[in-house]
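Bear in mind these aren't lab numbers, they're just calculated from the coordinates by the rules spelled out. Here the structure is a predicted model, which means the values were calculated and not measured. Quick reminder, even Gly has a Cβ in these numbers, built from the backbone with ideal geometry, and neighbours come from all protein chains shown.
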Amino acid sequence: MRRAEYGGIRLLGSRTRANRRPRQHRRNRISEPGLRRRRRPGGPLPRVIRCGGRQSRPDARRKGTRSPARREHFHSARTQRLQYPWRQTSGSMMKPEDDIATTRPGNAENGRNRFSVFSGLALAAIVLLAVGLRAYNLGAQSVWYDECQSVIHLDKPGLFAYLRAERSQDWYMTPQYFILQYAWAHIVGDSATAIRWMGILFGAASLPLLYAIGRFLFGRTAGLMAALCMALSPVHLFLAQEIRPYALMNVFVLVSAGAFLRALHTGGRPWWILHLIANVLLIWTHLFGVFFIMAQGVYLLVRRKIQRDTLVWAAAHVLLLLPALFWVLSINRSFVGKEEAPAVWRIAGNAFGDCMPRNSPAYIPEDRPWENAPPAWTRPLRATFSSFDLALFLFFMASLLGYCWQHIRPQKPPEGAFLLYWLILPCLCLFVIARGWRPDAFAARYTSYCPLALYLIVGAFLAGLPRRTWRAVAVVLLVILYGHRLALTLASPQRTDWLAARKWILESGAPDQPVIVYPPGYHFECLYNWRPESRSVSYAANLEYLCDWTEKTLSKEKSAWIACVGLAGTDELAERLERYLKARSIPYEEKGYWAFQLPYLLVYHLFSPETPATADAIASAIRAATEEYDAEQARLRTARAARAEGLALLRSGTHEAGWQSFDKAFSVLPWDEEAYVTLAMSIQKEKKGYPRLISAARAFAETHPNDPRPYADLGFALAAEGDDSGAETALRKAIELDPANQPAACRALLDLLRRRNDTRGSLDVAIAAARNMPSESVFASQAVLLALELEDWDAAIAAYELLLNARRSDPFVFERLAQDLLAKKHDPQQAAILARKTIAIAPKQAGAHAALGNALMETGQRDEAFEAFRKAVACDPKINPALYRVMADLAWERNDYTETVKTARQGLRYAPDDAALASRLAQALCKQGKWKDARAIVEKQTAPEMASILFGIVANALLWEKGDFTDGIAFARAFLKRHPNDAGAQAILGMALRHENDMDGALAALRKAIELAPGASPWTYGNLALVLLDRADAAGAAEAARQGIALLPTDSFLFDVLAQALCRMGKYAEAVEAARKAVELNPRIGSPPWTLAMALIGAGRHAEAITAARQAFDLDGGLADTYRTLFDLAFEKKDTAAARQEMRRLRRANIAMPYELMKAIEELSRDNSTP
């Protein structure tokens, strides 16, 4: 034994040829990008060399280790071989002895075997699931006509007698299954439930066989998926419960198919022998199994042409199936029936057995009360049955197309095309026989083995999906589609429910009363299902015999039973029978028992009349029932002729004559629905003749009191004639009768109430209509608007929730609702919730994203709000420009200047005159250092006011952020050439010139700015005061500062400048007051406390000055770095020598020294030097 590691998985194996072959394959197959092979002729196996990198260690394999590149490659090759076993170098499929599931399965250390254990457990779970589904409610299943033929002769004295009796009933019968059934019945039991268990076991045995074929062709995943499809299939659930040979036929089909594919692959004689045996047993189980054998022969002929092995296969089948041919020739091939030839589309129905059903379980006639109707919780399932049926069909078609793309086109595996022959050819052959010979032969159960190929195709397609997430989603979707159908199948009766009718008879207290069954032949079902009670059961062929039997039986018995099986003509016979019973005054009870797959059952419990009748009276009653029915049919034909005449006149434009023809139709047949509908539509279209419609609607409502249409039409006509009260009553009656299908009546009632200004009543009608008709979104929208008009927030939110539940969205209504929730109710959380729900329904609705952003802004979630606004403008770039402003501000707040520029430019594209966006764009460009672009924005602007704003932004950034005063001054002077009367530009130029020590120019520019706009900018006075201070004009500076304070008395800067001017003037007390005011107005900056400290020093209040200076140092790090050391030496440590030395150092560094500070240090020095 050797031990090695491949991709981190330990493997055990011997040096046998079987175990060496996969390793040889792994060495030769190198598919990883970046690796190449190199081998000398006759030399050893190629060494793996990474292209563009260093060579892997030559002795890595000899030492039992591998380089990371080789380990990764071998792990990838192993994974591909697991999923696609046919991808071999030789182009053939992997043999079973090479598969990882068969590599020493008993060894627990084998890492691969763990996967086979999981597959076995999964298969066992699927089998148990299938058995559980097929055994569910098994004892409540009645025996129907075909099954009755299989079991009714089980009491024959011997096997051959049983087979002869059975063959007389089943023209296509072959004895294989019935021999097993006879033995099973005499060993296990002859009850229907016991015999059904034999079919269930055959159905369960089919699952491992189907898994084995899928595993052999495509891998374990495909096999498990195919088995899961069969386990969940309602069709195979039904057939497994059948007391017929279909489940056993599927077993032999799967054995034959598996052996056939193995024989084609390996050429082994045992597989061919098993294949022939399975085919012989298949043909003796059901004659229509020959179509599957034909599919195998056609596949052999197409694949291998006419070769020796094909001829041998054909000859062997001819010899082995020759006895079956003599059996077929002895069949009574005559056919007398009225069944129509099948349509072409039913070929797909037989192949895709689980969808496109002939009898839909979603349809239940409502004309009779069905005792065994499905529970109420199945109504949504039945309502969506057609959609799920279409979805399952599309899933199968997608799987079929995907399978052809994955496997048929590249021919991987080569035997994969056989599944298409298996799926299509048997159905096609049966269709040809049905069209040319017996239409009744085209039944899906005769080719129930064809969907098995479809399950393998679905499994192969799912297993071949490239991503695990895709496979998981597809499997979940498949389970949901099958679960929908299974829920209806398990909750609904499938076969003619004789057992439920028997229960009613037993509960009636008269189990021995006679029974008659219509039509003939079905009394055997009644006898078998109602055993062991002994009762008289007969059959009737027509109404006359049924009535005669009723009279004779009721003359002797107190009651009797009639059972009618729902075939063609049963409804007409039942209607005539009921008329007869009413004419004879015979009391009766009626119950219906519905069945989805098979005919329904009508059961009548008749009671003896009080007075017997003579033969003439009986005949008269029969004639009366028949003649009354015939008379109604004649009146119906007359009314239809008048209706057709009226319709022709309406089409020709002769409305009055056409309406008169409809009046004639109504006089003959007042309940003619089609005539009434045509008349009502014509009058409403022409918008005249409303009195005629009012009369017709009232007459039709008398014969159809539960029909909402005449009441709705009556409401429309009365509203048109001005009778609002009568119209409201009629419309409300129509809505009451059918609230889920009266949108026109609801709209008319809403219009009527709105005309009367009844807002609350309109709101109630709109909400009720939205709940009853969720597909009509207009009612929910109207309800929201009406509730907002009344400021009924709960009703508005509830109405909008109804709109969302219907998967609809109304942008206008939502924007109104969100705006009112934010502006009036002040509930941003609710607005955000509704916005998110709207986005889930309509992800491209810009207003919903904008409303979500506004709500998030209200709650402080600014980053989330920005993303919501971004999605809003992505959905609709021409949305409100205010969104762009908000987005630009949010991006500016988080210092994302690139996003600010992008958003502002996009907004200016749709709102070029938006000053806020242009300003934000200029600011962001300055922050990015794109001065050329920023100046270009100013130069391109022609509007003076916007140009002034943009110039101020760019110039201030250029001067105080970039510090380029030369360029800033040039930029200001250039701007003033174009706009010489711009006071703001003059002020900015003055500040720049002051910084450059051009005091004259600064003074002139600032005075010009004040001259142009005396009250425009109080800060211009502050800057003028600073210039005057620099020119030693303290009084002028104080006056300028006071003028600025007069304009803006809450500005800290102006009081600070005033305090500095007062200090220069020696008015320290006033300076202290002004400085304290500046600190009070803006305690967050360091300049006012520093000015206060200097004023206090000048006033001789050193202790207070120290406190103010500390506050300034804490707020302004620059002040602290410059003056803290000097201040501490002078006022806290009292070291005047060191203070003077520090002061000299600051002067050498060209740092200005406050006059008050220098004066205080000099005074302290003199005081310290005085003895």
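In summary, the aspartates and glutamates within cross-link reach of residue 503, defined as a Cα separation below 17 angstrom excluding same-chain residues under 8 places away, comprise 371, 512, 525, 533, 589, 590.
Distance from the Cα centroid of the stretch 280-315 to that of the stretch 1105-1171 is 114 Å (rounded to whole angstrom).
If you keep only loop residues by DSSP, which chymotrypsin sites (Phe, Trp or Tyr not before Pro) in the stretch 386-462 have at most 14 other Cβ atoms within 10 Å of their Cβ? Answer in residue order: 437.
Reducing the stretch 890-907 and the stretch 189-211 to their Cα centroids gives an inter-centroid distance of 72 Å. Every Cα-Cα pair in the stretch 815-961 was counted, and those over 28 Å apart are 27% of them. Shown for the stretch 908-1064 is the translational diffusion coefficient from the Stokes-Einstein equation, using the Kirkwood radius over Cα pairs, a temperature of 37 °C and a viscosity of 0.692 mPa s: 204 µm²/s. Around the amide H of residue 372, modelled in the peptide plane, lie the amide H atoms of 594, all under 5 Å away and 5 or more residues distant in sequence or on another chain.
Among the trypsin sites (Lys or Arg not before Pro) in the stretch 213-319, those placed in a DSSP loop whose Cβ has at most 11 other Cβ atoms within 10 Å are 305. Centre-to-centre, using Cα atoms only, the stretch 489-542 and the stretch 221-242 are separated by 32 Å. Would you mind classifying the stretch 498-613 by shape? Square roots of the alpha carbon gyration tensor eigenvalues, ordered a ≥ b ≥ c; an a/c under 1.5 is rounded, otherwise it is prolate if a/b is larger than b/c and oblate if not. Oblate, since a/c reaches 1.5 and b/c is not below a/b. Ordering 943, 928, 971 by Cα displacement along the dipole of the stretch 913-980 toward the positive end leaves 971 in first place; charges were set at the Cβ atoms of Lys, Arg (+1) and Asp, Glu (-1). In this Cβ point-charge picture (+1 for Lys and Arg, -1 for Asp and Glu), the stretch 1017-1169 has a dipole of about 340 debye about its Cα centre. Taking all C-alpha pairs of the stretch 964-1030, those more than 17 Å from each other amount to 32 percent.
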